[in-house]
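In what follows, a single structure is set out as structure tokens and then discussed.
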Amino acid sequence: MPRAGLCSRWGGRVLPLLLAYICYLLLGATIFQLLEKQAESQSRDRFQFEKLRFLENYTCLDQQAVEQFVQVIMEAWVKGVNPKGNSTNPSNWDFGSSFFFAGTVVTTIGYGNLAPSTEAGQVFCVFYALVGIPLNVGFLNHLGTGLRAHLTMLERWEDQPRRSQLLQTLGLALFLALGTLLILILPPMVFSHVEGWSFSEGFYFAFITLSTIGFGDYVVGTDPSKHYLSVYRSLAAIWILLGLAWLALVLPLGPLLLHRCSQLWLLGRGLGLKEGGAPETSGLPRPQKIPISA
């Protein structure tokens, strides 16, 4: 009964993961409901109050006329038109904004604040995504592999002197720290300054973007009251591509750094015991190498 045993082992691994997955979703749903439901209710009540006050101030209007106007605003918002400002607002489909939109398509971020409204644009978007998404995945995989190829010396880490091990570990930690600064710290500061956000809002936007969640509640270059550089959104799209490539490299390097630090700690502890007259530690099993390639 080898097949039955295989199915039993597979089920023994999958069922706990499935249970943990469902519990995690239930936990998230509960916490989000507790945090957001009251704020949503307050926003809805405020909107209804402002609408009624508007009707009281302008008695020549009736409820139906206001509802029709609100519907027009909602349709304009869905099509990417900001209802604030006037017709002189910058276009959502100039080259810089279109380049930014193309980047959100191939990276599957999809903020949802802008989408093609013409039938030809929707058809082109489908075929553009069919080609662009695999191209983006292949590019990120090859870029991450190429960058990791420069770090293959870490696979021979245990064969090197302890001083070299320490230097390599510090170099890897410095690389991760600089990458975090250039990808996750400085860009949110720039976005916060340009958009008038707090740093926490800028960092929230950066994380939601680079994780390809893309809620669309915060999007750069959409405030009609601000005058943006023509290349602002194009630079934001390039930052997204570089950030995704950096994450493709960092995700396997993070566990590697923790493994190296733990080995250094064990080696230092072993040397300290040896100097204190403790038994030799050469009989301990040698730590297993962890390849850095995914």
- prompt: So which residues in region 199-208 are open to solvent by less than 50 Å² (accessible area, probe 1.4 Å) and either touching a His at 6+ places or on another chain (Cβ under 6 Å) or farther than 16 Å from Leu242 by Cα (or both)?
  reply: Gly202
statement: Sole miss for Leu61 among (1) assigned to a loop (DSSP other than H, G, I, E, B); (2) open to solvent by 60 Å² or more (accessible area, probe 1.4 Å); (3) under 29 Å from Leu247 (Cα atoms) is condition (3)
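For (1) over 22 Å from Ser91 (Cβ atoms); (2) in a loop (DSSP other than H, G, I, E, B); (3) of a type in the set (D, E, K, R), each residue gets a yes or a no:
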residue	(1), (2), (3)
Thr108	yes, yes, no
Gly112	no, yes, no
Pro116	no, yes, no
Val126	yes, no, no
Leu130	yes, no, no
Pro134	yes, no, no
Leu140	yes, no, no
Leu143	yes, no, no
- prompt: Just checking, how many residues over region 204-224 are in contact (Cβ under 8 Å) with a residue 60 or more places away in the chain and assigned to a helix (DSSP H, G or I)?
  reply: 1
- line: Pairs returned, first residue in region 180-196 that is on the phi > 0 side of the Ramachandran plot, second residue that is open to solvent by 20 Å² or more (accessible area, probe 1.4 Å), beta-carbon separation under 8 angstrom, 6 or more apart or interchain, are Gly196/Asp223; Gly196/Lys226
field: Those residues of region 94-113 which are of a type in the set (Gly, Ala, Ser), touching a residue at least 24 places away in the same chain (Cβ under 8 Å) and surrounded by fewer than 17 Cβ atoms within 10 Å (Cβ to Cβ), in sequence order
entry: Ala102, Gly112
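Could you list, in sequence order, all residues of region 160-203 that are assigned to a loop (DSSP other than H, G, I, E, B) and at pLDDT 80 or above?
Scanning region 160-203 gives Gly196, Trp197, Ser198.
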Selection status of Leu35, surrounded by 10 or more Cβ atoms within 10 Å (Cβ to Cβ) and either touching a Gly at 6+ places or on another chain (Cβ under 7 Å) or more than 19 Å from Lys84 (Cβ to Cβ) (or both): no
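The values are calculated or read from the model by the stated rules, or taken from the named source; none is laboratory data. None of the values given here were measured: they were computed from a predicted structure. Please note: Cβ atoms are built from the backbone with ideal geometry, for glycine as well, and neighbour counts cover all protein chains shown. These accessible areas exclude ligands, DNA and RNA; they are computed on the full protein's heavy atoms, side chains included. Shrake-Rupley method; radii C 1.70, N 1.55, O 1.52, S 1.80 Å.
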